[in-house]
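K.L.:
Before I ask anything, here is the structure I am working with.
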Amino acid sequence: MEDYPESAEFIVIGCGIIGASTAYHLSKANKDVIVLDANEVVSQASGRNGGMVVQLDARDINAGVLKAKLSFARKAIEELKNFQKELDADFEFEQNGSLDFIFDKEELESLKKFVDIQHSSGDDEIQLLNQEDTISSMP
Ligand SMILES: Cc1cc2nc3c(=O)[nH]c(=O)nc-3n(C[C@H](O)[C@H](O)[C@H](O)COP(=O)(O)OP(=O)(O)OC[C@H]3O[C@@H](n4cnc5c(N)ncnc54)[C@H](O)[C@@H]3O)c2cc1C
């Protein structure tokens, strides 16, 4: 049986990305922390996801909420880039952008609305492309 500490200032239960990040930041702040997990480290959702980092998504249609999320998401993306340097680890983070396809007029209308909201929330990177622009934007 391995030796485990009998007590700690902080005990984090679960070592997915949330627990690992919490423990990492506590430890960086010189706190005494241990992490417990019922399974292997990052063996659950954090070890089997699509790896996509999205700035905003189409589920929110409230400009105020989007604005708050955008500033948080931008900070988080910068953090991810810094982490590669800080941990001297290449976890293959790349910003490639993404394409969402729409198939009918109804979807087009709701997407137009969403794009307007995103623009008014300060996201100048999202664009509505027609078929021609989409094809010519392909590498
Ligand atoms: C198929 C899939 C695709 C996804 N794709 C994306 C994506 O592309 N982009 C994105 O941003 N997000 C994605 N997600 C969501 C993302 O993976 C999760 O939001 C994130 O990993 C959750 O992290 P977590 O630390 O909260 O949970 P987890 O990674 O699940 O970690 C929880 C940990 O707690 C442990 N635990 C649970 N109960 C106990 C207990 N009682 N005692 C001790 N330990 C316990 C578990 O063993 C586990 O290790 C995806 C999720 C899935 C499932």
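The values are calculated or read from the model by the stated rules, or taken from the named source; none is laboratory data. As the structure is a prediction and not an experimental result, all values here were calculated from the model. Positions of Cβ are backbone-derived with ideal geometry, glycine not excepted, and every protein chain shown enters the neighbour counts.
K.L.:
Looking at segment 84-104 only, could you name the residues that are more than 23 Å from Ile18 (Cβ to Cβ), of a type in the set (A, V, I, L, M, F, W, C) and either exposed (fewer than 11 other Cβ atoms within 10 Å of the Cβ) or in contact with an Asp or Glu (Cβ under 6 Å, 6 or more places away or on another chain) (or both)?
P.N.:
Leu99, Phe101, Phe103
K.L.:
Here is a further query. When Lys81 is evaluated against the numbered criteria (1) charged (D, E, K, R); (2) more than 24 Å from Lys28 (Cα to Cα); (3) surrounded by 11 or more Cβ atoms within 10 Å (Cβ to Cβ), which criterion, by number, is the only one it fails?
P.N.:
Unmet for Lys81, out of (1) charged (D, E, K, R); (2) more than 24 Å from Lys28 (Cα to Cα); (3) surrounded by 11 or more Cβ atoms within 10 Å (Cβ to Cβ): (2).
K.L.:
Give me a count of the residues in segment 1-60 that are closer than 24 Å to Glu86 by Cα, part of a loop (DSSP other than H, G, I, E, B) and hydroxyl-bearing (Ser, Thr, Tyr).
P.N.:
Within segment 1-60, residues that are closer than 24 Å to Glu86 by Cα, part of a loop (DSSP other than H, G, I, E, B) and hydroxyl-bearing (Ser, Thr, Tyr) number 1.
K.L.:
Which condition does Lys67 not pass, out of (1) closer than 30 Å to Leu111 by Cβ; (2) free of Cβ contacts under 8 Å to residues at least 12 places away in the same chain, if it passes all the others?
P.N.:
(2)
K.L.:
Pairs under 8 Å by beta carbon, first residue in contact (Cβ under 8 Å) with a residue 60 or more places away in the chain and over 16 Å from Ile17 (Cβ atoms) in segment 32-59, partner more than 6 Å from the ligand (Cβ to nearest atom) and part of a loop (DSSP other than H, G, I, E, B), six or more apart or different chains?
P.N.:
Gln55/Asp123; Gln55/Glu125; Leu56/Ser121; Leu56/Asp123; Leu56/Ile126
K.L.:
Right, here's the next one. Does Glu78 count as over 18 Å from the mean Cα position of the chain (by Cα) and acidic (Asp, Glu)?
P.N.:
no
K.L.:
List every residue pair whose Cβ atoms lie under 7 Å apart, where the two residues are 6 or more positions apart in sequence or sit on different chains, the first residue falls within segment 87-111 and is within 15 Å of Asn130 (Cα to Cα), and the second residue, located anywhere, is part of a loop (DSSP other than H, G, I, E, B).
P.N.:
Going by the 7 Å Cβ cut-off, the qualifying pairs are Leu108/Ile102; Leu111/Ile102; Leu111/Leu128.
K.L.:
In this structure, does Phe10 turn out to be surrounded by 11 or more Cβ atoms within 10 Å (Cβ to Cβ), over 30 Å from Asn130 (Cα atoms) and of a type in the set (A, V, I, L, M, F, W, C)?
P.N.:
yes
Condition check ((1) of a type in the set (Val, Ile, Thr); (2) at pLDDT 90 or above; (3) farther than 30 Å from Tyr24 by Cβ) across all residues:
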| site | (1), (2), (3) |
| --- | --- |
| Asn62 | no, no, yes |
| Glu92 | no, no, no |
| Asp100 | no, no, yes |
| Lys105 | no, yes, yes |
| Lys113 | no, no, yes |
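K.L.:
Let me ask something else. Can you name the residue in segment 8-59 that is in contact with a Phe, Trp or Tyr (Cβ under 6 Å, 6 or more places away or on another chain) and modelled with pLDDT of 95 or more and is also farthest from the ligand (Cβ to nearest atom) among such residues?
P.N.:
Ranking the qualifying residues of segment 8-59, first place goes to Lys31.
K.L.:
Based on this model, can you work out whether Ala68 counts as of a type outside the set (Val, Ile, Thr) and under 30 Å from Tyr4 (Cα atoms)?
P.N.:
no
K.L.:
Could I ask something else about it? Take the conditions more than 10 Å from the ligand (Cβ to nearest atom) and of a type outside the set (S, T, N, Q) and apply them to Gly64. Does it pass?
P.N.:
Judged against the criteria, Gly64 is a match.
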